[in-house]
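In what follows, a single structure is set out as structure tokens and then discussed.
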């Protein structure tokens with residue numbers, strides 16, 4: 001992959017494991033509607049996709065209810081959930097290896113940009129990235145397709161053959177395809193091999209070590 005110059009990376013399930021923080025935030029939001037979920041693992045499908053869509057798909061909330069749920073989610077996440085998170089082993093080494101090869105790293109996450117910046121700062125990952133792209137708090141940029149388009153256009157990247165997207169869910173892969181760039185699916189996050197294959201990932205790796213080897 002010597003031709004690759006720009007690497008776009010997802011955050012949740014790719015750089016860090018946000019399971020506790022996200023699921024507790026969802027649990028808090030659902031409780032507002034009288035929906036009690038005791039097993040946090042039941043809420044793992046919320047990790048990755050846009051939250052509004054997940055509230056409607058998994059718990060059949062109306063558009064209006066989903067907006068309220070999003071507000072309740074952020075109520076918990078902004079103060080507690082954001083740091084109930086763990087960096088994946090080997091991530092700093094991987095990021096440094098790519099910088100050492102002269103590659104430009106950019107974040108492309110469905111998480112609101114202000115939250116993404118706080119998380120990268122918390123884990124001391126910010127300095128590896130030349131650009132941090134995320135969703136907007138007002139919902140005007142929410143899908144992974146929109147986020148990737150925003151990252152590419154803002155940075156005036158036109159040679160798409162030199163760009164690759166790395167993520168753990170189908171939304172990362174589909175977003176990459178919709179923008180004409182290649183993709184790598186990682187299996188240490190929250191998407192299955194079947195999900196990533198069906199989405200059309202160009203490459204799939206088991207772990208961070210495999211990711212590093214693929215991009216050497």
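The values are calculated or read from the model by the stated rules, or taken from the named source; none is laboratory data. Values in this document were obtained by computation on a predicted structure and should not be read as measured data. Neighbour counts run over all protein chains shown; Cβ positions are idealised from the backbone, glycine included.
Some points to look at:
- Criterion: assigned to a loop (DSSP other than H, G, I, E, B) and either in the same structural domain as residue 26 (by TED's automatic domain parsing) or surrounded by 14 or more Cβ atoms within 10 Å (Cβ to Cβ) (or both) - qualifying residue of 82, 157, 119, 132: 157
- Test result for residue 194, touching a strand residue (DSSP E or B) at 6+ places or on another chain (Cβ under 7 Å), surrounded by fewer than 17 Cβ atoms within 10 Å (Cβ to Cβ) and at pLDDT 95 or above: no
- Unique match (being touching a strand residue (DSSP E or B) at 6+ places or on another chain (Cβ under 6 Å) and at pLDDT 95 or above) among 105, 95, 137, 120: 105
- Scanning the range 85-105 for residues that are surrounded by 15 or more Cβ atoms within 10 Å (Cβ to Cβ) and either outside the structural domain of residue 125 (by TED's automatic domain parsing) or not in a helix (DSSP H, G or I) (or both) returns 85, 87, 88, 90, 103, 104, 105.
- The C-beta contact set for the range 96-124 (first residue within 15 Å of residue 79 (Cα to Cα), second residue part of a helix (DSSP H, G or I), distance under 7 angstrom, 6+ apart or interchain) comprises 115/82; 118/82; 119/82; 122/83.
Conditions (1) closer than 22 Å to residue 137 by Cβ; (2) at pLDDT 95 or above; (3) within 15 Å of the chain's Cα centre (by Cα), marked per residue:
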| position | (1), (2), (3) |
| --- | --- |
| 2 | no, no, no |
| 5 | no, yes, no |
| 13 | yes, yes, yes |
| 22 | yes, yes, yes |
| 39 | no, yes, no |
| 49 | yes, no, yes |
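- Of all residues in the range 160-216, those satisfying the criterion of being in a helix (DSSP H, G or I), free of Cβ contacts under 8 Å to residues at least 60 places away in the same chain and more than 26 Å from residue 51 (Cα to Cα) are 160, 210, 213.
- The set of residues in the range 17-34 that are assigned to a loop (DSSP other than H, G, I, E, B) and surrounded by fewer than 20 Cβ atoms within 10 Å (Cβ to Cβ) comprises 33, 34.
- Contact map, the range 22-45: first residue without any contact (Cβ under 8 Å) to a residue 40 or more places away in the chain, second residue surrounded by fewer than 13 Cβ atoms within 10 Å (Cβ to Cβ) and not in a loop (DSSP other than H, G, I, E, B), Cβ cut-off under 9 Å, separation 6 or more or different chains; pairs are 23/41.
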